[in-house]
Amino acid sequence: GMKGKVKWLLADGVDLGASPLAGKWWDVVLDVSTFHCFGNMDRAAYCEGLKGLVRPGGHLLLVAMSDKGSSHVAGPRRVSQNEIYKSFPASSGWEVESIEDTLLEHHPNINRTGGRNGWPAWRGYAEAHLAVIRRL
């Protein structure tokens, strides 16, 4: 089983070098709903910081809200597949192995019948991209 083999850690995404994660290599780093929250400058710092965490040959699994579909009613910035490719180029030590369309389920308080805190309903999900990105 996986008991004792998975470790969940929290860090500042724009300053990963100063985080408790720094200086450690990981086979897999999981990003669910982080990448799409950054503006361009912070996103560049985040991508650079990830290079210090994902061991060469390791993978980043990234789920980000997609610019496709009809769920664009509110919330964080949506990203295109092209933005993912541009953020992780081979010239900076990455290879985007695949990107596929998927759905991202929302927090249960954002439900199918109405939003929370004045936000419109998101029908319980949003269109997203699932990217598998290998560290070169």
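The values are calculated or read from the model by the stated rules, or taken from the named source; none is laboratory data. All values derive from a computational prediction rather than experimental measurement. Glycine also receives a Cβ, built like all others from the backbone with ideal geometry; neighbour counts cover every protein chain displayed. Just the protein is used for accessible areas: all its heavy atoms, side chains included, with ligands, DNA and RNA removed. Shrake-Rupley method; radii C 1.70, N 1.55, O 1.52, S 1.80 Å.
Scoring P20 on the criteria (1) within 19 Å of S98 (Cβ to Cβ); (2) surrounded by fewer than 17 Cβ atoms within 10 Å (Cβ to Cβ) leaves a single failure, condition (1). When each of K3, K51 is tested for being basic (K, R) and touching a Gly at 6+ places or on another chain (Cβ under 8 Å), the lone residue that passes is K51. Screening the candidates V96, V14 for the property of being in contact with a helix residue (DSSP H, G or I) (Cβ under 7 Å, 6 or more places away or on another chain) and either part of a strand (DSSP E or B) or of a type in the set (S, T, N, Q) (or both) yields one hit, V96. Starting from residues that are among the acidic types (D, E) and in contact (Cβ under 8 Å) with a residue 12 or more places away in the chain, keep the ones in the range 8-29 and report whichever is nearest to R135 (Cα to Cα). By that ranking, first place goes to D27.
Determine the pairs where a residue that is touching a residue at least 40 places away in the same chain (Cβ under 8 Å) and small (G, A, S), located within the range 78-96, has a partner that is open to solvent by less than 20 Å² (accessible area, probe 1.4 Å) and part of a helix (DSSP H, G or I) with Cβ atoms under 9 Å apart, the partner being 6 or more residues away or on another chain. Sorted first by the residue in the range 78-96, then by its partner, the pairs are S87/F35; S87/R43; S87/Y46; S87/C47; S92/C47.
Looking at E95, E105, can you tell me which residue is among the charged types (D, E, K, R) and modelled with pLDDT of 90 or more? Working first, answer last.
On the way: E105 fails: modelled with pLDDT of 90 or more.
Criteria check complete, one pass: E95.
If we scan the range 111-130, do we find a residue that is modelled with pLDDT of 65 or more and β-branched (V, I, T)? Reasoning before the result, please.
So in the range 111-130, the residues modelled with pLDDT of 65 or more come out as 124-130.
In the following step, the residues that additionally are β-branched (V, I, T) were identified as none.
No, the range 111-130 has no match at all.
Consider the range 25-47 and keep the residues that are closer than 15 Å to R77 by Cβ and charged (D, E, K, R). The one that is surrounded by the most Cβ atoms within 10 Å (Cβ to Cβ) is R43. When M2 is evaluated against the numbered criteria (1) free of Cβ contacts under 8 Å to residues at least 60 places away in the same chain; (2) open to solvent by 30 Å² or more (accessible area, probe 1.4 Å); (3) assigned to a strand (DSSP E or B), which criterion, by number, is the only one it fails? (3) is the only condition that M2 fails. The number of residues in the range 51-66 being free of Cβ contacts under 8 Å to residues at least 40 places away in the same chain and in contact with a strand residue (DSSP E or B) (Cβ under 9 Å, 6 or more places away or on another chain) comes to 1.
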